[in-house]
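Data first, discussion second: the structure below is written as structure tokens.
Each value in this text was obtained by applying a stated rule to the coordinates, not by laboratory testing. No experiment lies behind these values; they were computed from the predicted model shown. Neighbour counts are summed over all protein chains in view; Cβ atoms, including those assigned to glycine, are modelled from backbone coordinates with ideal geometry.
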Amino acid sequence: AQTVTQSQPEMSVQEAETVTLSCTYDTSENNYYLFWYKQPPSRQMILVIRQEAYKQQNATENRFSVNFQKAAKSFSLKISDSQLGDTAMYFCAFIEAGGTSYGKLTFGQGTILTVHP
Amino acid sequence: NAGVMQNPRHLVRRRGQEARLRCSPMKGHSHVYWYRQLPEEGLKFMVYLQKENIIDESGMPKERFSAEFPKEGPSILRIQQVVRGDSAAYFCASSQDRRTEAFFGQGTRLTVV
């Protein structure tokens, strides 16, 4: 079974600075997808960024980028130029490419990120 | 195009009562997933349904919990004889098919008193 581990329960950062959230995972599969989701106080789950395991290039979405280290099974999220609206719980998630469905995600425990003015 | 709609947003039940949580998928989506989020934890997969079929219920508790997704109408997650440990946020997600991204609703927070 796959597991996803986020070892940082809480992080904080000053507005406009950069912060990195860590995620490691365990799987015997070679082809899979990794995601970072944001959950603000409204509880809405918002997809931030996605990475396909077969792609060596790290995914980037505006101020959000990932550092995907397949051999180390590590998938960290870097948020540049942090904004107050980035304050939220962040979840790392995993899906096997050959699994039941892309909707059957395995989530980490989450990291609460607070951006201070 | 409206997103995934869940209702109610908040539900309070006394121990022993039944809880019914509803999920209307996005337009054009026929695949629905239910997740549970206990306090201070990540989301845990419960069940995956397609219209009128349960595809994967590997995350569903064996007793008191059931789910359906009828041909017409929303998907329903039903919890019978609720206990305090059922208090959690329940999320629904939907996708167009099994190989496309799932989108989440805002969740239903169930409180058992």
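Dividing the mean sequence gap of close Cα pairs (under 8 Å, 6+ apart) by how many residues chain B holds gives a relative contact order of 37 percent. Excluding residue A:68 itself, calculate the net charge of residues whose Cβ lies under 12 Å from the Cβ of residue A:68, where each Lys or Arg counts +1 and each Asp or Glu counts -1. Once all neighbours under 12 Å are counted, the net charge is +4. Each Cα pair under 8 Å and six or more residues apart adds its separation to the average, and for chain A the resulting relative contact order is 37 percent. Label sites at residue B:15 and residue A:18, each approximated as a point 7 angstrom past Cα along Cα to Cβ, lie 5.3 nm apart. Structural descriptor for segment A:28-96: relative contact order 38 percent, calculated from alpha carbon pairs under 8 angstrom and at least 6 residues apart. Computed from point charges on the beta carbon alone (+1 for Lys and Arg, -1 for Asp and Glu), the dipole magnitude for the protein assembly as shown about its Cα centre is near 720 Debye. Computed over the alpha-carbon pairs of the protein assembly as shown, the distance histogram in 10 Å steps reads 8, 32, 35, 20, 5, 0 percent, short to long. Along its three principal directions, the equivalent ellipsoid of chain B from the Cα gyration tensor extends over semi-axes of 22, 14, 13 Å, largest first.
Comparing Cα centroids, segment A:1-42 and segment A:83-117 end up 6 angstrom apart.
Farthest towards the positive end of the charge dipole of segment A:39-91, among the residues A:60, A:46, A:74, is the Cα of A:74, using unit charges on the Cβ of Lys, Arg, Asp and Glu.
Remark: mean inter-chain Cβ contacts per residue of A:93-105 equal 6, using a 10 Å Cβ-Cβ cutoff to other protein chain atoms. Rg over Rh for segment A:12-117 works out to 0.97, both radii taken from alpha-carbon positions and Rh defined as the Kirkwood radius.
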